[in-house]
Amino acid sequence: MAATHPETPEEIAVKTDFRANIWSVFQELYEDRWDSERWRIAIARFEAAHDPAVVQRFWVRAKLPSWNALEAQFRKGPPPFLRPGWKSPLLGRKVDLRWLDTGKFEPVKGNMDGWRTAKVLVIELWASWCRPCLAVFRDLSTLAQTRPDIKVITFNSEGIFTNAPIDVTAVKAFIAARDDMNYPIYIDTHRVAVSSIFQPGQNLSIPLVFIITPKDGIVRWIGNPEEMAAPLEEALRAV
């Protein structure tokens, strides 16, 4: 494997310029806000300001596509759920939770007992390859072990974005090797959780939590588990 050399001052200057005057500017100018002339001028200025060889080294290190591909990416813009003001179509709506009782999951830890009578239901989707998912395991454990009025149920879906089959043995070994996953865990082998709540919610990122009040089936909040403390308390007050 080739050695990775430290960035030179010239490469750092290229990176800083690219981030400040290309990436940060044009990622906000998607769709009808796109300005082709401004893009052309920005590229010309950037290329004139730096040694082409240094730019090429930065390009390779950053694994960037061609200028044309970058333009297409910027013009298309981020997915809807990452845009300012976006709201999940499930938020504030009643959802059918009967899919929880289908039994089409591979159980790993705990069970679903009591989810219907809990004041608040927390459903989380995660994958072992997802680093942000690993960061919330202990918080979910604390929540499940200290709040009897809240039911936590989590679903592993390794192929959540690819539809790839899940290696159940590998996932179980991953869970068994950890001491911070002390809550109900199921493997979504038939993509029931994915198709029933993840995809309809359209917030296509993980880790992802749905806070629901089982009494009325209303989705109170959707987001990253690291940000769920205040929404949880708000949901509890609602019931």
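Out of the residues in region 50-103 that are under 22 Å from TRP34 (Cβ atoms) and aromatic (Phe, Trp, Tyr), which is farthest from the chain's Cα centre (by Cα)? Working first, answer last.
From region 50-103, those under 22 Å from TRP34 (Cβ atoms) are 64-86; that's our starting set.
Narrowing further to those that are aromatic (Phe, Trp, Tyr): 67, 74, 81, 86.
Values: TRP67: 27, PHE74: 20, PHE81: 10, TRP86: 15 Å.
Among them, the one singled out is TRP67.
Step by step: first the residues of region 83-110, then only those that are out of contact with any Phe, Trp or Tyr (no Cβ under 9 Å at 6 or more places or on another chain) and touching a residue at least 40 places away in the same chain (Cβ under 8 Å), then the one that is nearest to GLU28 (Cα to Cα). Which residue is that?
My answer is PRO89.
Check off (1) under 14 Å from ARG19 (Cα atoms); (2) in a helix (DSSP H, G or I) for LEU64 and give me the number that stays unchecked.
With respect to (1) under 14 Å from ARG19 (Cα atoms); (2) in a helix (DSSP H, G or I), LEU64 is out only on (2).
ASN156 - would you say it is under 20 Å from ARG138 (Cβ atoms) and crowded, with 22+ Cβ neighbours inside 10 Å?
Working: under 20 Å from ARG138 (Cβ atoms): yes; crowded, with 22+ Cβ neighbours inside 10 Å: yes.
Spelling it out, ASN156 is indeed under 20 Å from ARG138 (Cβ atoms) and crowded, with 22+ Cβ neighbours inside 10 Å.
Scan ASP149, ASP180 and give me the residue that is in contact (Cβ under 8 Å) with a residue 60 or more places away in the chain and loosely packed, with under 15 Cβ neighbours inside 10 Å.
Working: ASP180 fails: in contact (Cβ under 8 Å) with a residue 60 or more places away in the chain.
That would be ASP149, the only listed residue that is in contact (Cβ under 8 Å) with a residue 60 or more places away in the chain and loosely packed, with under 15 Cβ neighbours inside 10 Å.
State the number of residues belonging to region 27-50 that are assigned to a helix (DSSP H, G or I) and modelled with pLDDT under 95. Give the steps one after another, and end with the answer.
Our first condition is that a residue be assigned to a helix (DSSP H, G or I); within region 27-50, this holds for 31-33, 36-49.
The next check asks that each one be modelled with pLDDT under 95; those that pass are 31-33.
Total satisfying the criteria: 3.
Give me the residue from region 125-141 that is among the aliphatic types (A, V, I, L, M) and within 13 Å of the chain's Cα centre (by Cα) and, out of that set, surrounded by the fewest Cβ atoms within 10 Å (Cβ to Cβ). Before you say what the answer is, go through the steps one by one.
Here is the first cut: in region 125-141, the ones among the aliphatic types (A, V, I, L, M) are 125, 127, 134-136, 140.
So of that shortlist, the ones also within 13 Å of the chain's Cα centre (by Cα) come out as 125, 127, 134-136.
On the way: LEU125: 23, ALA127: 20, LEU134: 17, ALA135: 13, VAL136: 21.
Ranking the candidates gives ALA135 first.
Yes or no, residue by residue, for (1) of a type in the set (A, V, I, L, M, F, W, C); (2) closer than 20 Å to GLU227 by Cα:
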residue	(1), (2)
THR117	no, no
LEU125	yes, yes
CYS130	yes, yes
ILE187	yes, no
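The values are calculated or read from the model by the stated rules, or taken from the named source; none is laboratory data. Values in this document were obtained by computation on a predicted structure and should not be read as measured data. A quick note on method: Cβ atoms are made from the backbone with ideal geometry, for glycine too, and the neighbour counts reach across all protein chains shown.
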